[in-house]
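Below: one structure, written as structure tokens.
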Amino acid sequence: DLPYGGNIKITTSKYYIPSGRCIQALDYSHRNPDGSVARVPDSLTHVFKTKSGREVRDGGGITPDYVIPQEKSGTIGYYLLTENIIFDYVTDWALKHPSVAPPANFHLSDADYELFKQFVKSKDFQYDQMSNRSLQSLKNIMEFEGYFNTASEEFKALEEKLQPNLDRDLELFSKEIRQMIETEIVQRYYYKEGVLMYELKDDAALKKAKEVLKDKQLYARTLQPQPVTEPQ
């Protein structure tokens with residue numbers, strides 16, 4: 001127990017699953033000189049077999065059968081959240097809408113998104129881009145090394161393309177921004193449970209899981225033994 005009603009729980013055991021396989025990904029028993037911990041190297045892992053004979057390794061967590069790639073997103077969404085632009089817009093929006101559709105059916109209308117664009121512009125919203133900062137760092141390095149003049153025109157053209165463009169980015173990343181707005185709206189009316197229901201309707205991992213479970217042949221192929229590549 002800690003002061004002011006706080007608590008802290010320290011786990012000293014490693015994570016094992018019923019088959020006896022350790023799925024601890026980080027090796028806390030061996031630390032780097034700076035105190036950080038590293039993942040268990042493949043050379044120190046062991047091969048286990050599932051009931052169907054599939055080979056799996058310990059020491060690296062549980063590797064999914066299917067890896068769902070994450071969608072690429074722009075930094076504008078991050079700044080719209082941290083600057084409370086989305087929060088303030090939804091506050092105004094909610095005052096005009098006493099009720100909304102259930103989470104699984106809710107969608108922000110095109111008209112409302114156009115109003116959001118106008119709202120953003122009215123707030124003198126400013127944002128940064130990592131790509132632009134990286135370009136400036138590269139420019140400084142090339143100037144230091146004396147190479148900048150050989151590519152100054154190319155840099156100038158790239159700088160112009162990487163300058164934040166609000167109209168362009170609000171359209172380019174509209175899918176991501178719409179989802180952020182919809183999540184905030186659903187949370188206002190249906191709380192955390194509603195947000196979960198809303199997010200599950202388009203969850204790529206859930207869709208893939210349902211696809212595998214519905215397709216008996218695909219399900220069987222997924223569970224077929226596959227050789228594990230031996231560590232080099």
query = Relative to the longest principal Cα axis of the chain, at what angle does helix 174-200 sit, 0 to 90 degrees, rounded to 10?
reply = 60 degrees
task = Multiply the residue separation of residue 71 and residue 142 by 0.36 nm, subtract the distance between their alpha-carbon atoms, and state the gained length in nm to one decimal.
result = 22.3 nm
task = Work from the charge dipole of the chain (Cβ charges, +1 for Lys and Arg, -1 for Asp and Glu, about the Cα centre) and give the residue of 2, 219, 99 farthest towards its positive end.
result = 219
message = Mean-square fluctuation check for the chain, GNM, Cα pairs under 10 Å: which of 53, 74, 194 is largest?
response = 53
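Classify segment 113-232: rounded, prolate or oblate, from the alpha-carbon gyration tensor (a ≥ b ≥ c, eigenvalue square roots; a/c under 1.5 rounded; otherwise prolate if a/b is larger than b/c)? Spell out each step's value before the answer.
Numbers: a/c = 3.53, a/b = 1.34, b/c = 2.64.
Since a/c reaches 1.5 but b/c is at least a/b, the shape of segment 113-232 is classed as oblate.
From the helices alone, meaning DSSP H stretches of at least four residues, give me the mean residue ellipticity at 222 nm for the chain, per-run term -39500 (n - 2.57), in deg cm²/dmol to the nearest 500. If you can, show how the numbers build up before the last one.
On the way: 9 runs with 112 residues, N = 232.
The helix contribution divided over the chain gives -15000 deg cm²/dmol.
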message = Per residue of segment 39-46, what does 6.51 cos²θ - 1.76 cosθ + 1.60 with θ = phi - 60° give for ³J(HN,Hα)? Whole Hz please, x for Gly and Pro, Karplus curve as stated.
response = 5, 5, x, 4, 5, 9, 8, 10
key: chymotrypsin sites (Phe, Trp or Tyr not before Pro) within segment 1-84: DSSP coil, no more than 14 neighbouring Cβ in 10 Å   = 15, 66
request  = Within the chain, what's the longest run with no trypsin sites (Lys or Arg not before Pro) in a DSSP loop and at most 14 other beta-carbon atoms within 10 Å? Give the range, please.
outcome  = 124-200
query = Which of 26, 13, 89 sits closest to the plus end of the dipole of segment 1-120, meaning its Cα is farthest towards the positive end, when Lys and Arg get +1 and Asp and Glu get -1 on the C-beta?
reply = 13
ask   = In whole Å, what are the Cα extents of segment 65-122 along the three principal axes, biggest one first?
value = 46, 28, 19
key: Within straight-line cross-link reach of residue 117, lysines at Cα separation under 26 Å, skipping those fewer than 8 residues along the same chain   = 72, 96, 161, 175, 201
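If N is the number of residues in the chain, what value comes out of its Cα radius of gyration divided by 2.2 N^0.38 Å? Don't jump to the answer; show the numbers that get you there.
Numbers: Rg = 25.0 Å, N = 232, 2.2 N^0.38 = 17.4 Å.
Normalised Cα radius of gyration, the chain: 1.43.
Grab the Cα-Cα distance for residue 46 and residue 87, subtract it from 0.36 nm times how many residues apart they are, and report the gain in nm with one decimal. Please list the in-between numbers first.
Values: separation 41, 0.36 × 41 = 14.76 nm, distance 4.90 nm.
Length gained between residue 46 and residue 87: 9.9 nm.
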query = In units of 2.2 N^0.38 Å, what is the alpha-carbon radius of gyration of segment 22-84?
reply = 1.72
Between helix 85-95 and the chain: long-axis angle, C-alpha atoms, 0 to 90°, nearest 10 = 80 degrees
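Just so you know, all these numbers are worked out from the coordinates, no wet-lab data involved. Here the structure is a predicted model, which is why all the values come from computation and not from measurement. Because the Cβ atoms are built from the backbone with ideal geometry, glycine has one as well, and the counts that use them run over all protein chains shown.
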